[in-house]
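Read through the structure below, which is laid out as structure tokens, and then see the notes.
The values are calculated or read from the model by the stated rules, or taken from the named source; none is laboratory data. This structure is a prediction, so every number in the text was calculated from the model and none was measured. Cβ coordinates were reconstructed from backbone atoms using ideal geometry, including for glycine residues, and neighbour counts include every protein chain displayed. Heads up: the accessible areas ignore ligands, DNA and RNA and are worked out on the full protein's heavy atoms, side chains in. Shrake-Rupley method; radii C 1.70, N 1.55, O 1.52, S 1.80 Å.
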There are 4 protein chains.
Amino acid sequence: MHLPTPPERSFASDNAAGAHPDVIAALIEANTGHALAYGDDRWTRECSGLFHDLFGAGETFLTFTGTGGNILGLMAMLRPVDAVVCAAGSHINADEAGSAERILGAKLIDLPTRDGKLRPDQVRELDWMLGNEHHAQPAVVSITQSTELGTVYTAAEVAALSDAAHSLGMRVHMDGARVSNATAALGGTVDALRSFTVDAGVDVLTFGGTKNGMVGGEAVVFLDASLARRARYLRKTITQLPSKMRFVAAQFIALLTDDLWMRTALHSNAMAARLFEGVRDLPGVDVSAPEVNSLFPSLPADVIDVLRDWSFFWDWDVAKHQVRWMTAWDTSDDDVARFVDGVTSATHSFAPGELTN
Amino acid sequence: MHLPTPPERSFASDNAAGAHPDVIAALIEANTGHALAYGDDRWTRECSGLFHDLFGAGETFLTFTGTGGNILGLMAMLRPVDAVVCAAGSHINADEAGSAERILGAKLIDLPTRDGKLRPDQVRELDWMLGNEHHAQPAVVSITQSTELGTVYTAAEVAALSDAAHSLGMRVHMDGARVSNATAALGGTVDALRSFTVDAGVDVLTFGGTKNGMVGGEAVVFLDASLARRARYLRKTITQLPSKMRFVAAQFIALLTDDLWMRTALHSNAMAARLFEGVRDLPGVDVSAPEVNSLFPSLPADVIDVLRDWSFFWDWDVAKHQVRWMTAWDTSDDDVARFVDGVTSATHSFAPGELTN
Amino acid sequence: MHLPTPPERSFASDNAAGAHPDVIAALIEANTGHALAYGDDRWTRECSGLFHDLFGAGETFLTFTGTGGNILGLMAMLRPVDAVVCAAGSHINADEAGSAERILGAKLIDLPTRDGKLRPDQVRELDWMLGNEHHAQPAVVSITQSTELGTVYTAAEVAALSDAAHSLGMRVHMDGARVSNATAALGGTVDALRSFTVDAGVDVLTFGGTKNGMVGGEAVVFLDASLARRARYLRKTITQLPSKMRFVAAQFIALLTDDLWMRTALHSNAMAARLFEGVRDLPGVDVSAPEVNSLFPSLPADVIDVLRDWSFFWDWDVAKHQVRWMTAWDTSDDDVARFVDGVTSATHSFAPGELTN
Amino acid sequence: MHLPTPPERSFASDNAAGAHPDVIAALIEANTGHALAYGDDRWTRECSGLFHDLFGAGETFLTFTGTGGNILGLMAMLRPVDAVVCAAGSHINADEAGSAERILGAKLIDLPTRDGKLRPDQVRELDWMLGNEHHAQPAVVSITQSTELGTVYTAAEVAALSDAAHSLGMRVHMDGARVSNATAALGGTVDALRSFTVDAGVDVLTFGGTKNGMVGGEAVVFLDASLARRARYLRKTITQLPSKMRFVAAQFIALLTDDLWMRTALHSNAMAARLFEGVRDLPGVDVSAPEVNSLFPSLPADVIDVLRDWSFFWDWDVAKHQVRWMTAWDTSDDDVARFVDGVTSATHSFAPGELTN
């Protein structure tokens, strides 16, 4: 079988992409003389101000990793014996190697979902645990926006979850590793961002930078600033205090300047939509329209093998022959066109009878 | 009192310095297209190879922070109920906000020292705890090289400590946040580095990058590679797995190329020596010759206040009017000259009678 | 409605029962002069020997509580980042208030079951997690025998689970808070006990004493004695080292003498079977035959309320009007007869039309 | 050398003693029919009331072990990154196998003392750590009463420590494993007990039962009842929730009835005083007058060996030939007389020239 030249950039993950030129430029600009470590510098102060402006509220702490950001945000809300309610497929439960249990000492109550999204009834049903000394006490609902399955909570859905949580005395954490993509999906405005975060009752948000064009860095936005009182101690304890913090702050300044964060997200979402259009009708391809920057198509096993050798991507559910294709801030029209060409060639090369699905 | 123009770069800390131009260039070079995340990239592989060549042994894992590196290294050696033996003033005990206790769940047995350096007898004296079920079990000796007090263990001293530790079944960890400066002090060669690490029986070394001209990044070198078997799980759990790892690896590649790490360290050590020469005989200044890149002078309180307003630095021991002056990879001759001028002016402006020491 | 005199002993729980007279006698006998603390006494030595004889293998450590025993057993098998696989309804997951997460720092991978029993396929399906640095590593399968739902694993079922676990490099823990009742159900012999524990590949067993007629105490039997090497340190660390250990050991000596543990379990199982016979055909009562000493009947809500006011018992699943009736070592024929009388009266007093089910 | 018949009860430890007859009688009395588990029983309620009467304040939670009691009390006061200030020789630091670090995740700031007693200045000197994000935050001062060295804080000393702690926003925990002996030493009245606990600003007290004639059990008295709000969850999580709690409560009821706890403590203190009188002037014996129920004599090494073979006791400081002799609630006049005879014989048998001190 003949496949075209593979795309310059793979569809493996948005964290396989490099850094946006503006981010690199900001790093270079920040590399000017001396600045006190641990955040006592002008870049960190400017970054804090920009986040406050973005949400009209809150206090922000920078970390290096998303796991670190999630742990910091959760730790600020948890007392001993408290538990975190989350989706079974959530990153904190499935992809952070037990950080929550190890560092927080907290139980994760992981609930099944069909689409990665928790429902308010699932929170309310935990009511019986409260006050029961034999059970860890549900104290925080943690949701991911956009979810690990590429779905997006509407503002109303988040608000309903927050209401359910708050009415039981629980707090709400949002893992926003891809909050930019969710914002792009929900209107692509600052108002959209606020509608499903601060306005929807989210207490603490992890605002992702790495997957959206940064070299590395995340921001924990304590939308309820009272929760930030001890955050700087916690950040140090969990190993996430950046020494030369200006270099993380400068990257975020670049991202928050002229809405770069949203433009990159709108672009990567658009590239996913274009990819969907190119492959949706191909024989043997079963794929839903993307809400953000990821597709989860099912394909014949042989096609998967051939395509992956040609341009790498990850499995999602091996049993279902389902894979994940993900766009990034730097995915180009040409990348999409070449990848569609490749998928087209591969799917047509296998006569239906040959397929082992 | 008239003080000259302050130095362009302060003597506050080596982590107040920015990044070396070669490091920035390496970041830019690494920002090329897509590369798989979490270390499955050519930069990380090259970096691992360079570390292996440097020590002639070992397996290396990159982290973002020094605390993270120390926790990773220690975690790989500790079983439940194990304790870490360290100096009271060690970074893991005094400056990591209880990370070891929180994340490792381990007791730190912190021992007094006069110069930041543990002695073999202090290790051997813990013998009685071994096998006593009422006491946490000493399992790792952790030393800092160079120490938090700017002193340096000789290779023989490290070897003697390792022998004491190993003879009791304990392991040796070296916090090498400034291992480059120590190497510079002990000869400034790769052989010197090896002499007090791999050749002296150190099992795990945290090799510092941030304080030596990087944007941010540390390397945990498992000199006994058998200890690295589960390191990648541990790194993820403690929140220290870099997503776009190529950007940490590229910085280390720059540092390890043409001995940049040693040249920068030789330079900052030399600047400290020059600063010492410039201030050692000033009235009211009590200071010892630096072994690496830090001085710990005692000065009259009024002089401290005036100087700090002019060019910031940190207190070390307020009760003793002792402060810390630290040079960095980018400290220039001019910075030293100006700082010496300032100290000279300040010390001479206060007649002895005026001084409140 | 007229209800008869309630039973002298309720059917609330086997831990509502007191201590067997032989256990009290043993306490009195052990209260003789001085004996060194922490297990260096003749009772503890005798107790260890009796457990070794019982299983023909292993090393035993005494604790005060079942949760403590489970934590000790698991801790001996877990390394950092390891996870424990268990049933969602298991005591360690649902009734130990997050002890495992807090003290072990370990993730519990809690799997759904219809009858409280894990299946080998559920273990084998976790294969994909092994070696994935983003996920906690399944390392121990923990099962409860008899289960929290009153079901019993056959020896073959345990062996199949052990095989699945061991083939993946995992260990097997059995929470035997009611292992005596399970033994009674599976034949009521020492051979039966061995068949589903040591012979079936269980590595560590928590052997319950409290629910089976003791004042308080549990035994952790390391059937694979190599796992006990550091158990005495672990026990102290988790706060479970009994000071005057002779008093825990003496109780177990009583239990292990002349098969008291099995006689009490056979009795309580028999009382549950008798209770089942008495209520199975009553109108509105939906109940399965007990395998051990607990029944989980569904009853009309009004009947539940009336009966509970008369003789207390616990809800099991409120939504299903399901309750739990449990017998104990001291439940008498008369207790059962009176309780059956009460249930009979209550169910007949409510005409079907009146029932709110 | 000829030694007399050894004493019936050794001077090894108060936890080598058995249980007081009244305690056993209370266990037997409590073994009556069924009672709900986990503290919902009349004995636990009565016990809580007795403790409230004793202190005129507070809320009490029962545990099995002293380590468990200490962990529970401390956990109720600690937030993440908080540290506990304690004496280097304190039980929580030196004899609890790292429980605090493992279960609480907290750093212990262990300070040197000459007599086991912390001083207010030592607390005040930690002021600099507060607000420093690089250091664990001192939050609780934990003292032992009577101390591990057999010394006793006066009420004024405790009050001064509490003032120092509270003025810095810290709390005060008292490990009262031998609080009864301290009370006996300070007057032997309930007023004496209150004077150095609730009246002196102690927030949480661990009230020891095991070493004072119980089979096993400790009470955590939250003198500031607001700290008890989540205590029952914490107790379960740390594995210290007694299932058949009536049996722990009943023992305390016996101890608190007719001041048994104080009578036993007065007796054991008196026995230590009598022992001191018998040995103070013997050749080669260097011993201070006991404040409570322990002596720490230094003796010639050969004498130690001979005596220990004859009637066991523990070393205290091998380098100083110092041992510990401890009386208990059941030490008899005859035990003391025989032990004095033995020490007398042993010390006289060694001519000074023979002694290897």
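Observations
- Among B:Ala83, B:Ala319, B:Ala136, the largest mean-square fluctuation in a Gaussian network model of chain B, built with springs joining Cα atoms closer than 10 Å, belongs to B:Ala319.
- Between B:Asp258 and B:Asp334, the modelled label-to-label distance comes to 2.3 nm, taking each label 7 Å out from Cα in the direction of the beta carbon.
- Signed unit charges on C-beta, dipole axis of chain A, positive-most listed residue A:His91, A:Ile304, A:Ala250: A:Ala250
- Solvent exposure of the protein assembly as shown amounts to 32 Å² per residue of accessible area, where only protein heavy atoms count and the probe is 1.4 Å.
- Count Lys and Arg as plus one, Asp and Glu as minus one, and take only other residues whose Cβ is under 11 Å from that of A:Glu101; the net charge is then +1.
- In degrees, nearest ten, helix D:333-349 long axis to first principal axis of chain D (Cα): 50
- Karplus-derived 3J(HN,Hα) values for region D:142-152, using 6.51 cos²θ - 1.76 cosθ + 1.60 with θ = phi - 60°, are 10, 10, 10, 9, 5, 6, 5, 9, x, 9, 10 Hz; glycine and proline are entered as x.
- Nm distances between copies for C:Thr154, ranked from closest, using label points 7 Å along Cα→Cβ: 5.2, 7.4, 7.6
- Less than 5 angstrom separates the built amide H of C:Val220 from those of C:Phe61, C:Leu62, C:Thr63, C:Phe207, all sequence-distant by 5 or more or on a different chain.
- Here is the list for region C:1-63: GluC sites (Glu not before Pro) lying in DSSP coil, each with at most 16 other C-beta atoms within 10 angstrom of its C-beta, are C:Glu8.
- Net +/- balance of residues flanking C:Trp261 in space, Cβ distance below 12 Å, scoring K and R +1, D and E -1: 0
- Taking a ≥ b ≥ c as the square roots of the eigenvalues of the alpha carbon gyration tensor, chain D is oblate, as a/c is not under 1.5 and a/b does not beat b/c.
- Cα-centre dipole for region A:75-203 with unit charges at Cβ (Lys and Arg positive, Asp and Glu negative), debye to 20: 100
- Summing both sides, the accessible surface hidden between C and B at a 1.4 Å probe radius is close to 1900 Å².
- Other-copy label distances relative to C:Ala25, 7 angstrom Cα-Cβ extension, nm: 2.3, 9.0, 9.1
- Cβ-based net charge around B:Ala228, under 12 Å, with every Lys or Arg adding one and every Asp or Glu removing one: +1
- Axis angle, to the nearest 10 degrees, between helix A:260-279 and the longest C-alpha principal axis of chain A: 30 degrees.
- Taking the Cα centre of the protein assembly as shown as reference, the dipole from Cβ charges on Lys and Arg (+1) and Asp and Glu (-1) amounts to some 0 debye.
- Take D:Ser226, push a point 7 Å out from Cα through the beta-carbon direction, and compare it with the same point in every other copy: 1.5, 5.5, 5.5 nm, smallest first.
- Label point of B:His348 set 7 angstrom out along Cα-Cβ; within region B:282-322, amide nitrogens under 18 Å from it belong to B:282-286, B:300, B:303-304, B:306-307.
- DSSP loop trypsin sites (Lys or Arg not before Pro) with at most 14 other Cβ within 10 Å excluded, longest remaining stretch of chain D: D:115-228
- Members of B:Lys211/C:Lys107; A:Lys244/B:Lys236; C:Lys117/D:Lys236; B:Lys107/D:Lys320; A:Lys117/B:Lys211 lying beyond 31 Å, as alpha-carbon distances in this model show: B:Lys211/C:Lys107; A:Lys117/B:Lys211
- Computed magnitude of the charge dipole of chain D (debye, nearest 20; Cβ of K, R +1, Cβ of D, E -1): 1080
- Accessible surface of chain D, 1.4 Å probe, proportion on carbon and sulfur as whole %: 50
- Crossing angle, helix B:155-167 versus chain B [Cα axis fit, 0-90 degrees, rounded to tens]: 40
- For the rotational copy relationship between A and D, the axis lies nearest to a chain A beta carbon, identified with its distance in whole angstrom as A:Gly105, 3.
- Cα gyration tensor category, rounded, prolate or oblate, for the protein assembly as shown with a/c compared to 1.5: oblate
- Peptide B:220-231 - average C-beta neighbours from other chains (10 Å radius): 1
- Among A:Thr147, A:Thr65, A:Thr189: highest mean-square fluctuation, GNM of chain A, C-alpha pairs under 10 Å: A:Thr189
- Under a Gaussian network description of chain D, with springs only between Cα atoms under 10 Å, the residue in D:Leu149, D:Leu193, D:Leu126 that fluctuates furthest is D:Leu126.
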